[in-house]
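To keep things clear, I will list the structure first and then write my remarks on it.
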Amino acid sequence: MADTAEKRRADLRDHKRKSILAAARRVCDEAGPEALTIRAVASEAGYAPGAVYSYFAGIDELAIALTAEELGHLARRMREAAEKANGPAAALEAAALEALKATAGNAPHVRLAGRLMSADGLPSELDRSVTGRVIAILETLGGPLRAATGLKGEAAHREILCLAALLIGLRVLDASGRLAPLGFSAESLLAHRLAALPEA
């Protein structure tokens with residue numbers, strides 16, 4: 001009986017946490033990440049602001065939890081794109097292009113990701129969640145990269161991280177409007193980089 005009551009409480013807590021994250025996503029989608037405040041999220045979710053603090057220590061923790069969720073969606077989309085491709089090189093290209101496509105424009109969740117860079121003292125559960133999702137994205141690039149290039153160990157890790165950094169940099173430059181005046185697109189620069197990778 002106690003286990004059932006405990007499970008109900010845990011399920012209710014999980015449901016409320018998910019509803020707060022969904023409200024935060026709506027606030028970001030409608031008004032941008034600058035509008036993301038505890039008060040705005042609480043209002044959107046139909047909770048008192050104090051109730052939101054029962055689930056998140058502050059707005060940075062909430063924003064990072066939302067970003068972690070978005071990273072999970074991105075990893076899934078990249079994996080699905082890679083699975084539809086024919087061969088490792090095509091799978092790598094498909095996963096990388098999906099990363100660019102999913103983060104195109106001035107997407108709120110891309111702008112939110114900046115909070116990850118300055119976050120200190122994350123709860124260990126949230127830190128593990130973010131780290132796990134980043135690893136999932138890197139591995140979605142890594143599997144096909146290793147197969148297409150034959151690289152292993154440190155050499156493969158270096159290329160995977162360089163490719164991920166390139167994707168982030170291209171997206172930042174593109175979203176800020178600084179790439180097009182230079183006469184390049186994110187996709188053309190990605191294709192150039194992929195073509196320069198060694199072949200297996």
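The values are calculated or read from the model by the stated rules, or taken from the named source; none is laboratory data. Just so it is clear, the model here is predicted, and its values are computed rather than measured. When we count neighbours, we look across all protein chains shown, and the Cβ atoms used for this are built from the backbone with ideal geometry, even at glycine. Quick note on the areas: whole protein, heavy atoms, side chains included, nothing else; ligands and nucleic acids left out. Shrake-Rupley method; radii C 1.70, N 1.55, O 1.52, S 1.80 Å.
Worth pointing out:
- Qualifying residue in segment 72-80 (condition: at pLDDT below 90, charged (D, E, K, R), open to solvent by 50 Å² or more (accessible area, probe 1.4 Å) and at negative phi): no
- Selection status of residue 167, part of a helix (DSSP H, G or I), surrounded by 13 or more Cβ atoms within 10 Å (Cβ to Cβ) and at pLDDT 90 or above: yes
- Checked against the criteria, residue 93 counts as farther than 22 Å from residue 129 by Cα and assigned to a helix (DSSP H, G or I).
- Looking only at segment 120-153, residues that are part of a loop (DSSP other than H, G, I, E, B), over 28 Å from residue 65 (Cα atoms) and of a type outside the set (A, V, I, L, M) come to 2 in all.
- Any pair with Cβ under 7 angstrom, 6 or more apart, that starts in segment 61-89 at a residue that is more than 14 Å from residue 134 (Cα to Cα) and assigned to a helix (DSSP H, G or I) and ends at one that is among the β-branched types (Val, Ile, Thr) and open to solvent by less than 30 Å² (accessible area, probe 1.4 Å): 62/41; 82/140
- The set of residues in segment 24-58 being among the basic types (Lys, Arg) and surrounded by 13 or more Cβ atoms within 10 Å (Cβ to Cβ) consists of 25, 26.
- When the residues of segment 139-163 are filtered to those that are surrounded by fewer than 17 Cβ atoms within 10 Å (Cβ to Cβ) and of a type in the set (A, V, I, L, M, F, W, C), the one that is nearest to the chain's Cα centre (by Cα) is 161.
- Scan of segment 170-197 for residues that are under 19 Å from residue 90 (Cα atoms), part of a loop (DSSP other than H, G, I, E, B) and open to solvent by 60 Å² or more (accessible area, probe 1.4 Å), ordered by number: 196
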